[in-house]
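The values are calculated or read from the model by the stated rules, or taken from the named source; none is laboratory data. This is a predicted model, so every value here is computed, not measured. When we count neighbours, we look across all protein chains shown, and the Cβ atoms used for this are built from the backbone with ideal geometry, even at glycine. The area values use the complete protein model at the heavy-atom level, side chains included, leaving out ligands, DNA and RNA. Shrake-Rupley method; radii C 1.70, N 1.55, O 1.52, S 1.80 Å.
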Amino acid sequence: MHPLISTDDLMAALRRQPPPTLLDVRWSLLGPPGREDYEKGHLPGAVFVDLDAELAAEPGPEGRHPLPDPADLEAVFRRAGVDAERPVVVYDADNGSVAARAWWLLRWAGHESVAVLDGGYAAWVAAGQTTTTDLPQPAEGDFRVRPGSMPVVDADAAGRLAREGTLLDARAPERYRGDVEPVDPRAGHIPGALNAPFAAHVAESGRWRSPAELAKHFADLGVDAAGPVGAYCGSGVTACSVLLALEHAGLSGRQRPAMLYAGSWSNWSADPARPTATGSEAG
């Protein structure tokens with residue numbers, strides 16, 4: 001399954017039996033809680049999944065959004081009606097940067113058929129499609145979490161990747177440069193990492209850029225398609241958007257998937273022994 005699905009293709013898929021499972025993962029770093037938006041309106045049949053409480057473990061030394069315990073994650077997905085043989089479509093408010101976290105977790109857990117709705121809830125509404133405030137009661141799913149289908153690196157490996165391969169920083173340029181840091185202990189970036197803001201994946205139309213456009217975008221950044229590639233962000237959420245973009249562009253895939261530094265800057269910056277670079281250069 002391609003990592004992105006259009007509103008038209010989703011409508012067609014929903015007319016088939018069985019239709020895909022829909023997960024609403026709207027979330028914002030500075031709030032309000034995504035559930036509030038979900039309760040005001042969502043795609044028919046979509047189940048809300050809370051990024052903070054269900055798609056991450058408790059914040060701590062491993063970062064603000066550590067990977068969840070596999071058993072806990074399995075319970076979340078089964079509660080949402082996720083089946084092993086049934087496609088899953090996830091969406092957020094618009095640009096896919098949060099939905100990509102659920103996409104990546106499902107792929108990491110071994111699900112073979114997952115896509116992000118291109119343009120998210122905003123695109124669905126703009127297309128004049130039906131929304132609802134009804135709360136679904138899906139039958140419990142049978143998906144079994146088998147972690148490890150997507151590669152994860154720790155801080156040491158991320159530091160090496162920044163020097164020996166390509167490590168992409170998904171945060172906004174001002175955070176990468178160290179001009180501001182609204183959340184984490186220190187400002188700056190991992191030395192050697194390249195800035196690849198997640199906002200660059202989406203065109204002015206609100207839809208994702210084409211594979212060819214994204215392939216050129218990453219080539220212009222200096223991504224070596226033949227070498228190892230990984231991504232990080234503030235806490236391991238929007239970095240998943242970079243991983244999705246790399247797959248959409250044909251630069252990552254099942255045979256050679258790009259890596260996630262799950263702890264990301266929230267983990268790296270909490271250790272005063274780890275070096276920090278500032279400014280627009282990789283360092």
Inset, instruction - Return a yes/no flag: does the stretch 30-47 have any residue that is under 17 Å from Arg146 (Cα atoms) and among the hydrophobic types (A, V, I, L, M, F, W, C). - result: no
Legend entry - Identity of the residue in the stretch 79-112, within 23 Å of Tyr261 (Cα to Cα) and over 12 Å from the mean Cα position of the chain (by Cα), that ends up surrounded by the most Cβ atoms within 10 Å (Cβ to Cβ): His111
Legend entry - Verdict on Ser6 being within 23 Å of Ser205 (Cα to Cα), surrounded by 16 or more Cβ atoms within 10 Å (Cβ to Cβ) and either touching a Lys or Arg at 6+ places or on another chain (Cβ under 9 Å) or among the hydroxyl-bearing types (Ser, Thr, Tyr) (or both): yes
Inset, instruction - Considering (1) outside the structural domain of Pro70 (by the TED database); (2) closer than 30 Å to Ala219 by Cα, say which one Ala139 fails and leave the rest. - result: (2)
Inset, instruction - May I ask you to verify whether Val76 is in a strand (DSSP E or B) and either open to solvent by 50 Å² or more (accessible area, probe 1.4 Å) or not assigned by the TED database to the domain that holds Met259 (or both)? - result: no
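Which members of the stretch 98-112 meet the condition of being at pLDDT 95 or above and not in a helix (DSSP H, G or I)? Break it down into steps so the answer makes sense when it comes.
Residues of the stretch 98-112 that are at pLDDT 95 or above, as a first pass: 98-111.
Those that are at pLDDT 95 or above and not in a helix (DSSP H, G or I): Val98, Ala109, Gly110, His111.
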Inset, instruction - Mind listing just one residue for me: the one in the stretch 200-228 that is in contact (Cβ under 8 Å) with a residue 60 or more places away in the chain and closer than 22 Å to Ala158 by Cα and, of those, most open to solvent (accessible area, probe 1.4 Å)? - result: Pro228
Inset, instruction - Output the number of residues of the stretch 29-69 satisfying the condition of being over 15 Å from the mean Cα position of the chain (by Cα) and part of a helix (DSSP H, G or I). - result: 8
